[in-house]
Amino acid sequence: MGQLVMTSRTIIYGCAIATVDASDSVIDSGYIVLENDRIRAVGSGAPQDLNGRLINASGCLATPGLINTHHHLYQWLTRGHGQNSGLLEWVNELWPLWTRLDSDMVFAAARAALAMLALSGCTTTADHHYIFPSRSENMLHSTIEAARHIGVRLHAVRGCMDIGRSRGGLPPDELTEDLDTVLIAIEGAIDRFHDPSPNSKIQIGVGPLGPLAASQQLMTETAELARAKGVRLHTHIAEEREDEALVVARFGRSSVEYLDELGWLGNDTWLAHCVQLGKSEIGRLSRTRTSVAHCPSSNARLGDGIAPVSDLLAAGVTVGLGVDGAASQEAGQLAAEMKQALYLSRLRDGPSALRPATALRLATLGGASCLGRHGDLGSLEPGKLADIALWWLGDLGHAGMRDPVAALVLGPPATLELLLVGGEPIVSAGRLVTQTEDDIVRQVEQMALRLHG
């Protein structure tokens with residue numbers, strides 16, 4: 001398609017369209033009309049009004065832009081460590097490296113990780129940043145600036161930890177912060193960066209690392225602050241057996257029960273992983289309308305187990321997909337998580353556990369719901385923001401498959417022909433248009449050398 005410059009009215013035509021509407025409707029050949037940053041119309045056949053920029057998308061599948069509900073962008077510089085380790089062993093190997101991070105390193109890492117997400121069809125991502133070795137908020141600012149450079153929407157979760165090893169916690173003491181520092185930093189980040197508008201590019205969330213790194217007081221007071229400010233809550237829970245066993249030993253209850261007692265569960269909260277859940281925990285998440293970020297590749301890489309996605313969905317729990325940190329999912333690609341989620345769910349619960357259309361829904365509308373953006377993102381319907389991924393399915397790897405959604409989810413990685421965020425091109429013909437990839441690579445190599453040197 002070449003370099004694209006969008007106008008106020010654009011018509012994409014001739015493509016299959018996976019709308020991800022209430023019925024998971026798929027149009028075999030249709031069109032999408034964009035006006036400014038919104039979708040004006042979606043239909044089958046040929047558009048009647050051809051006024052505007054025309055994009056012939058024959059051979060492509062249009063989907064909503066994918067939405068990543070859990071990441072640690074800073075970890076891009078520390079990929080490849082703990083290759084054969086479980087969660088706790090892995091994180092203990094990486095803490096020393098993370099204590100050496102600075103703002104320049106975080107910018108380079110975040111820009112690279114966001115570029116890879118964009119190249120895999122992601123238009124919106126959450127990032128959980130809880131590493132502040134220099135007590136500098138510039139690290140959060142660096143991540144936000146990286147998102148502005150790439151052009152994707154960012155939900156920057158200001159993480160925190162206040163229980164170090166000297167008090168029986170997971171992280172080194174030098175990576176913990178006191179309660180007052182955390183509360184001031186979170187409020188400052190919300191006041192400075194959070195944009196609650198429907199077409200927002202930057203939103204702030206609040207995210208203690210988890211029950212084994214955050215005190216009850218920190219968990220409680222950060223939740224109170226988040227709700228007073230009208231922002232969302234995020235944390236890790238029940239990622240693997242040893243992790244969950246430590247929570248039960250310390251608090252005498254499961255992590256879901258513990259969060260519920262602290263008032264953390266609710267429709268403004270989404271939780272990462274949730275692998276080790278029983279029926280009671282799933283019921284609590286359903287009753288409280290708490291959402292889940294499912295990270296299948298990271299869970300598999302660390303040997304954590306398989307999240308009960310089918311059971312969560314059957315109980316009415318909203319589930320989105322997450323890449324998770326690049327140090328436990330080195331590829332950093334979101335589109336591949338659809339296949340991983342489908343395969344792992346079927347390994348756990350059988351061949352009918354997850355359909356390709358459901359996997360796409362997890363990566364789009366499910367993610368939008370986790371982040372509180374389902375009114376504006378996650379489906380291709382009139383009135384929604386024009387965040388659109390256009391996938392080329394006319395190649396050898398996909399030709400002849402009659403179901404385009406199955407071709408995207410089950411087939412080999414599809415070339416991303418076009419990625420729009422609010423109608424603006426971020427990727428065209430499989431290449432970033434907002435940044436130079438060679439520049440990103442050079443900066444990552446320089447910063448990785450500095451970090452490891």
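The values are calculated or read from the model by the stated rules, or taken from the named source; none is laboratory data. Treat the numbers as computed from the prediction; the structure is a model and nothing was measured. Using ideal geometry, Cβ is built from the backbone for each residue, glycine included, and neighbour counts are taken over all protein chains shown. Side chains are part of the model used for accessible areas, which takes the heavy atoms of the whole protein and leaves out ligands, DNA and RNA. Shrake-Rupley method; radii C 1.70, N 1.55, O 1.52, S 1.80 Å.
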So which strands (runs of 3 or more DSSP E) stay within region 1-68 end to end and still have 2 or more residues that are modelled with pLDDT of 95 or more and open to solvent by less than 60 Å² (accessible area, probe 1.4 Å)?
-> 9-18, 26-35, 38-44, 60-64, 66-68
Qualifying residue in region 290-302 (condition: basic (Lys, Arg), modelled with pLDDT of 95 or more and under 30 Å from Asn84 (Cβ atoms)) = yes
Hey, could you check region 173-206 for residues that are closer than 25 Å to Val433 by Cβ and without any contact (Cβ under 8 Å) to a residue 24 or more places away in the chain and say which is most open to solvent (accessible area, probe 1.4 Å)?
-> Asp195
Which condition breaks for Gly453 when tested against (1) open to solvent by 30 Å² or more (accessible area, probe 1.4 Å); (2) modelled with pLDDT of 95 or more?
-> (2)
List the strands (runs of 3 or more DSSP E) that sit entirely inside region 228-306 and contain at least 1 residues that are small (Gly, Ala, Ser) and open to solvent by less than 50 Å² (accessible area, probe 1.4 Å).
-> 269-273, 291-294
From the residues in region 384-403 that are touching an Asp or Glu at 6+ places or on another chain (Cβ under 7 Å) and assigned to a loop (DSSP other than H, G, I, E, B), which one is most open to solvent (accessible area, probe 1.4 Å)?
-> Lys384
Candidates Ser255, Ser286, Ser280, Ser197 - the one that is closer than 25 Å to Asn138 by Cα and of a type in the set (Ser, Thr, Tyr) = Ser197
Name the pairs: first residue in region 42-64 and closer than 17 Å to Ala429 by Cβ, second residue among the basic types (Lys, Arg) and assigned to a strand (DSSP E or B), Cβ to Cβ under 9 Å, at least 6 apart or on different chains?
-> Arg53/Arg9
Out of Leu154, Leu140, Leu170, Leu246, report the one residue that is touching a residue at least 40 places away in the same chain (Cβ under 8 Å) and more than 24 Å from Thr123 (Cβ to Cβ).
-> Leu170
Hey, Gly400 touching a strand residue (DSSP E or B) at 6+ places or on another chain (Cβ under 9 Å) and on the phi > 0 side of the Ramachandran plot or not = no
Counted residues in region 318-330 being open to solvent by 30 Å² or more (accessible area, probe 1.4 Å) and over 16 Å from Gly378 (Cα atoms) come to 1
Restricting attention to region 79-99, does a residue exist that is within 18 Å of Val421 (Cβ to Cβ), modelled with pLDDT of 95 or more and over 24 Å from the mean Cα position of the chain (by Cα)?
-> no
When the residues of region 213-227 are filtered to those that are open to solvent by 30 Å² or more (accessible area, probe 1.4 Å) and of a type in the set (S, T, N, Q), which remaining residue is nearest to Leu285 (Cα to Cα)?
-> Thr220
From the list Ala353, Ala331, which one is in a loop (DSSP other than H, G, I, E, B), modelled with pLDDT of 95 or more, over 17 Å from the mean Cα position of the chain (by Cα) and under 28 Å from Ala62 (Cβ atoms)?
-> Ala353
Over region 331-345, the set of residues open to solvent by less than 30 Å² (accessible area, probe 1.4 Å), more than 13 Å from Leu360 (Cβ to Cβ) and not aliphatic (A, V, I, L, M) is Gly332, Ser345
How do the pairs read when you match residues in region 65-93 that are free of Cβ contacts under 8 Å to residues at least 24 places away in the same chain with residues anywhere that are surrounded by fewer than 24 Cβ atoms within 10 Å (Cβ to Cβ) and hydroxyl-bearing (Ser, Thr, Tyr), using Cβ under 8 Å and keeping only pairs 6 or more apart or on different chains?
-> Glu93/Ser85
Among Leu73, Leu97, which is the only one that is open to solvent by less than 10 Å² (accessible area, probe 1.4 Å), under 30 Å from Ala146 (Cα atoms) and not polar (S, T, N, Q)?
-> Leu73
Listed residues Val433, Val427; which is open to solvent by 40 Å² or more (accessible area, probe 1.4 Å) and in contact (Cβ under 8 Å) with a residue 12 or more places away in the chain?
-> Val433
